[in-house]
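What follows is calculated from the coordinates using simple rules that are stated; it is not laboratory data. Just so it is clear, the model here is predicted, and its values are computed rather than measured. Note that each Cβ is placed from the backbone with ideal geometry, even for glycine, and that neighbours are counted across all protein chains shown.
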Amino acid sequence: MPRAQLKIAILISGRGSNLQALIDQFGPGVAASPIEIVLVLSNRPDAFGLTRAVRAGIPTQVIDHKNFAERASFDAAMDQAIRAAGAELVVLAGFLRLLSDGFIAGWQDRLVNIHPALLPAFKGLDTHARALAAGVRFHGCTVHFVRPEMDSGPIIAQAAVPVRPDDTAESLGRRVLAAEHRLFPQTLRLIAEGKVSVVDERAVIRDTAFAGGVLCNPIGS
Ligand code: GRF
């Protein structure tokens with residue numbers, strides 16, 4: 001018997017290119033998708049991602065943080081909308097508000113984020129410029145379960161990209177973003193297939209192939 005689809009809500013604040021990657025893999029009309037996107041929720045009415053969701057025929061909702069006096073009531077309104085939509089997993093895809101501890105606790109191990117750096121390096125903003133300034137040879141992105149401390153929590157999957165000598169923050173950012181668009185759907189697929197669990201605050205993944213090998217930069221093959 002086929003496994004039931006995992007219902008997810010995707011939270012955004014902006015352009016939604018990661019949302020688009022998820023729509024392309026799991027949106028309405030995709031055959032045998034293990035995931036159903038039941039809601040795209042934005043805290044900003046002008047987020048372009050909302051247009052992407054509407055085009056794809058996915059329900060959208062705007063909950064503008066500016067209409068709430070405090071974080072807890074804003075988070076409670078989001079929580080209510082997400083649960084009303086029937087979501088089982090909450091996906092942060094460029095959602096630019098910090099979430100309260102109460103919200104995070106209510107979605108323990110069912111709340112994931114994508115961060116544009118190889119955590120635990122470069123938490124926070126401006127990750128590409130900071131990676132260049134630090135002189136790292138590899139940079140990348142991380143999908144992780146969310147914990148109250150910003151950009152922390154069990155790491156589920158990462159993708160690395162080389163840093164090139166002539167990179168700017170923009171060119172490096174484009175390379176990382178392309179990796180995000182591959183990594184995020186693959187990671188959500190693993191979760192939907194029931195292959196990801198958290199043991200002692202580390203994400204454990206069952207049945208994934210590991211390609212092995214060593215990445216070197218410079219002297220890449
Ligand atoms: C991505 O770089 C993501 O890693 C970060 O916010 C950005 C969102 O971009 N959390 P987009 O809205 O998905 O294009």
Please enumerate the residues belonging to region 101-129 that are more than 10 Å from the ligand (Cβ to nearest atom) and among the aliphatic types (A, V, I, L, M).
Ile104, Ala105, Leu111, Val112, Leu118, Leu119, Ala121, Ala129
Failed item, numbered, when Leu98 is tested on (1) more than 16 Å from the ligand (Cβ to nearest atom); (2) surrounded by fewer than 19 Cβ atoms within 10 Å (Cβ to Cβ):
(1)
Any hit, region 98-107, residues being under 28 Å from Val199 (Cβ atoms), of a type in the set (Ser, Thr, Tyr) and under 17 Å from the mean Cα position of the chain (by Cα):
no
Within region 1-25, of all residues that are among the polar types (S, T, N, Q) and surrounded by fewer than 23 Cβ atoms within 10 Å (Cβ to Cβ), the one nearest to Ala56 (Cα to Cα) is Gln20
Flagged pairs (Cβ under 8 angstrom, 6 or more apart or on separate chains; first in region 120-139, farther than 14 Å from Ala160 by Cα; second among the β-branched types (Val, Ile, Thr)) are Leu132/Val163; Leu132/Thr168
Just checking: which of the strands (runs of 3 or more DSSP E) contained wholly in region 1-89 hold 3 or more residues that are touching a residue at least 60 places away in the same chain (Cβ under 8 Å)?
6-12
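Limited to region 113-167, what total is found for residues that are acidic (Asp, Glu) and over 19 Å from Arg97 (Cβ atoms)?
Residues meeting the conditions: 2.
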Being within 13 Å of the ligand (Cβ to nearest atom), in a helix (DSSP H, G or I) and of a type in the set (Ser, Thr, Tyr) is the filter here; which residues of region 132-188 pass it?
Thr187
Taking region 189-206 as the search range and keeping residues that are among the small types (Gly, Ala, Ser) and either over 30 Å from Arg3 (Cα atoms) or assigned to a strand (DSSP E or B) (or both), which one is farthest from the chain's Cα centre (by Cα)?
Ser197
Residue check, Thr187 against (1) crowded, with 17+ Cβ neighbours inside 10 Å; (2) in contact with a helix residue (DSSP H, G or I) (Cβ under 9 Å, 6 or more places away or on another chain); (3) polar (S, T, N, Q), all met but one. Which one?
(2)
It is to be established whether one or more residues within region 75-86 are among the polar types (S, T, N, Q), surrounded by fewer than 20 Cβ atoms within 10 Å (Cβ to Cβ) and within 12 Å of the ligand (Cβ to nearest atom).
no
Quick check: is even one residue across region 63-72 surrounded by fewer than 21 Cβ atoms within 10 Å (Cβ to Cβ) and in contact with a strand residue (DSSP E or B) (Cβ under 6 Å, 6 or more places away or on another chain)?
no
